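Comments concern the structure below.
The values are calculated or read from the model by the stated rules, or taken from the named source; none is laboratory data. All values reported here derive from a predicted model rather than from experimental measurement. Note that each Cβ is placed from the backbone with ideal geometry, even for glycine, and that neighbours are counted across all protein chains shown. When the accessible area is computed, the model is the full protein with side chains, heavy atoms only, and any ligands, DNA or RNA have been set aside. Shrake-Rupley method; radii C 1.70, N 1.55, O 1.52, S 1.80 Å.
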Amino acid sequence: MIGYLVRRIFAVIPVLLLVAVAVFSLLQLTPGDPAQLIAGDTATPEQIQAIREKLHLDQPPLVQAMAWGSALAHGDLGTSLLSGVPVTTLIAQRIEPTLMLALLTIILAVCVGVPLGTFAATRVGSLIDRLVMLLSVMAFSVPVFILAYGLVYFISLKLHWLPAQGYKPLSAGLGATLNSLMLPAVALCGVYMAQIARVTRAAVIEVLTEDFIRTARAKGLSRLYVLIVHALPNAAIPIVTIIGFGVGGLLGGVVVTETVFNIPGLGQLAASAILQRDYPIIQALTLLFAVVYVLVNLLVDLSYGLFDPRVRVWKAVNR
Amino acid sequence: MTDATADTGRAASALQQALARPRILVPVLILVAATVLALLAPALIGNPSGINPMARLQAPSLANLFGTDQFGRSVAARTLHGTRISLLVGASVTVAALLIGVTLGLLSGFVARVDAVLMRIMDAIMSIPTILLAIALMALFGAGVFNAIIAIIIPEVPRMARVVRGVTLSIRERPYIEAAITNGARPLRLLFRHVMPMTAGPMLVQATYVFSAAVITEAILSFLGAGAPPDVPSWGNIISEGRTLFQIAPWVVIAPGVCLSILVLTVNSLGDAIRDQLDPKLRRETR
């Protein structure tokens, strides 16, 4: 088991390095003068020169890469072009709402998606099964900001149940925070929940055809007991895999959701940085989100061993 | 030549069979209708930028089917013109992702040395959330429809290449490939004549997902102000302009929002239907 853990953890290092290289090369591979691009059409030559110096664009690419990499290794993600504030400071100020939103969304998506998928799997072809599948296709297709505006319109403006905008920090109490994040989390979890429900349904259907399920039923165990104790754990691997993969879409969705609901988190930071062409912020956030995604999927990979001892020796390649 | 005619015949009958299924026919008809409407938009409906200060923020009525925005512009005209952008972006990204992704996927599946390098790069690109990568690229390129297309192609290529590579890897081991090699088929003929046709199904299914992802990403980029410029109506920027007035004039957001959802739903259902048609065994699995 230890060997498996170590192997998996070491396998992530080259991926992380490549992600860093990819994020760094974005600036390099862009045709034209990146400083000019960032400064925009109306910039004076002095402004362009200032950006060039700030981002070390006046030096050879290898020197730039070394400087960037070494800064990165020291936890320095650069400074905002506009405000001059270190990006790490900006991230620290805005990480709480994003973290809370992401956690609430994951919990919501898993707690609704898994039972829904399991329920549909026990009644394949029934009206309820079709309804769940139809709902999941629809939830999968409605873009997050459309769902967000729909929710704001009905839940906030018509019914006045939940606030339409803003964020209450944890210091104002967990209840207030959850209250302010409920609508955004529901909007954000639509696609994610649909994916989880679909995969859960498929995985549980597959497991329910296994011999050991029939054996368990034959020895007199109840349907529910068999489903929860025998079927679900054996269907866990595809389910946790999609939970991990879905985090990618979730992190992208955060940018949109925070903009719609005016939540002062990392997503809103990214959205405002594009408009101000504050490239260092975008670069840092892209890297941060990619690293989070890779690490979440490492955790998922490691959890395979927990669910299925066979994996510790042989890792499932079939994704 | 006989090869080619046999192929066309087979393709035609497969198409005929597919279109006989309502699950495929209905989405195809919707897409055709949307394309025709988009192409005819300038002739069918007025100028999307025609400002009319007398008719600001009017609720939907017979004169203005979907109401008017804060400048008195017809939301219907703007939404219809937005269809052009969404379809253009969806189609361009899909075609480009197919061309690049299929080439890279075939290469990766056949040449182990290329595979090792290429797939690690693809992994790295896929580790960056699509929207964030597109945002980072747009921050560099600047707003614009063409730039948005490029910025969306880059994250979508690995998703296509992966699928094609996977199929290629399994096809490679089939006896008929060995037979073709024994018969002296050259590498390129082998790839394009014997392997590529087998990847067509999964490729087509993936293409529908790339299309819908591209449409959503463009709408999001435009919504954030990084996609289509303000003078080009796109569903994303219509919604973005309407959001400040959402409480008093929700119709500005509703029309493009509903259209966007319908288009994505249509393309996704088409993908699911094609997948089920090609391989009933896959019916229970997902993307």
Name the pairs whose Cβ atoms lie under 7 Å apart, with the first residue in the stretch A:147-170 and under 27 Å from A:VAL137 (Cβ atoms) and free of Cβ contacts under 8 Å to residues at least 40 places away in the same chain, the second open to solvent by less than 30 Å² (accessible area, probe 1.4 Å) and in a loop (DSSP other than H, G, I, E, B), and 6 or more positions between them or separate chains? A:TYR153/B:PRO250; A:SER156/A:ALA164
So which residues in the stretch A:190-228 are over 21 Å from A:ALA109 (Cα atoms) and hydrophobic (A, V, I, L, M, F, W, C), if there are any at all? A:VAL207, A:LEU208, A:PHE212, A:ILE213, A:ALA216, A:ALA218, A:LEU221, A:LEU224, A:VAL226
Within the group A:ILE239, A:ILE274, which residue is at pLDDT 90 or above and either β-branched (Val, Ile, Thr) or assigned to a helix (DSSP H, G or I) (or both)? A:ILE239
I'm trying to understand the selection: among the residues of the stretch B:215-250, which are within 11 Å of chain A (Cβ to nearest Cβ) and over 23 Å from the mean Cα position of the chain (by Cα)? B:GLY242, B:ARG243, B:PHE246, B:GLN247, B:ILE248, B:PRO250
Need the failing condition index for A:GLY267 against (1) open to solvent by less than 10 Å² (accessible area, probe 1.4 Å); (2) within 8 Å of chain B (Cβ to nearest Cβ), just the number. (2)
Looking at A:VAL137, A:VAL152, A:VAL132, A:VAL186, which is the one that is under 24 Å from A:THR241 (Cα atoms) and at the interface with another protein chain (Cβ under 10 Å from one of its Cβ atoms)? A:VAL137
Within the stretch B:150-191, take every residue that is open to solvent by less than 80 Å² (accessible area, probe 1.4 Å) and polar (S, T, N, Q) and give me the one that is nearest to the chain's Cα centre (by Cα). B:THR168
Within the set of pairs 6+ apart or on separate chains, which have a first residue in the stretch A:39-52 that is more than 14 Å from chain B (Cβ to nearest Cβ) and more than 19 Å from B:MET138 (Cα to Cα), a second that is open to solvent by less than 60 Å² (accessible area, probe 1.4 Å) and at pLDDT 80 or above, and C-beta atoms under 9 Å apart? none
Would you pick out the residues in the stretch B:256-283 that are among the hydrophobic types (A, V, I, L, M, F, W, C) and open to solvent by less than 10 Å² (accessible area, probe 1.4 Å)? B:LEU260, B:VAL264, B:VAL267, B:ALA273
Among (1) at pLDDT 90 or above; (2) within 12 Å of another protein chain (Cβ to nearest Cβ), where does B:VAL145 come up short? (2)
Can you tell me which residues in the stretch A:272-289 are buried (at least 23 other Cβ atoms within 10 Å of the Cβ) and within 17 Å of A:LEU103 (Cα to Cα)? A:PHE289
When you look at A:ALA176, is it among the small types (Gly, Ala, Ser), within 22 Å of A:LEU306 (Cβ to Cβ) and part of a helix (DSSP H, G or I), yes or no? no
Scanning the stretch B:130-148 residue by residue, those under 21 Å from the mean Cα position of the chain (by Cα), over 22 Å from A:LEU250 (Cα atoms) and among the aliphatic types (A, V, I, L, M) turn out to be B:ALA143, B:VAL145
Please go through the stretch A:251-264 and give me each residue that is open to solvent by 10 Å² or more (accessible area, probe 1.4 Å) and within 11 Å of the chain's Cα centre (by Cα), ordered by number. A:LEU251
Could you figure out which of (1) in contact with a Phe, Trp or Tyr (Cβ under 9 Å, 6 or more places away or on another chain); (2) within 11 Å of chain A (Cβ to nearest Cβ); (3) open to solvent by less than 40 Å² (accessible area, probe 1.4 Å) isn't true of B:ALA134? (1)
Inspect the stretch A:182-199 for any residue being open to solvent by 60 Å² or more (accessible area, probe 1.4 Å), assigned by TED's automatic domain parsing to the domain that holds A:VAL110 and aromatic (Phe, Trp, Tyr) and give the result as yes or no. no
If I ask for residues that are at the interface with chain B (Cβ under 8 Å from one of its Cβ atoms) and more than 22 Å from the chain's Cα centre (by Cα), which ones from the stretch A:9-38 would you list? A:LEU27, A:THR30, A:PRO34, A:LEU37, A:ILE38
Among the listed residues A:TYR192, A:TYR225, which satisfies the condition of being of a type outside the set (A, V, I, L, M), touching a helix residue (DSSP H, G or I) at 6+ places or on another chain (Cβ under 9 Å), more than 20 Å from B:THR217 (Cα to Cα) and in a helix (DSSP H, G or I)? A:TYR225
Could you please tell me which pairs satisfy a Cβ distance under 6 Å, a separation of 6+ or placement on different chains, a first residue in the stretch A:110-129 that is touching a residue at least 12 places away in the same chain (Cβ under 8 Å), and a second residue that is open to solvent by less than 60 Å² (accessible area, probe 1.4 Å) and not hydrophobic (A, V, I, L, M, F, W, C)? A:VAL114/A:THR200; A:GLY117/A:THR200; A:GLY117/A:ARG201; A:THR118/A:THR200; A:ALA120/A:ASP129; A:ALA120/A:ARG201; A:ALA121/A:ARG201
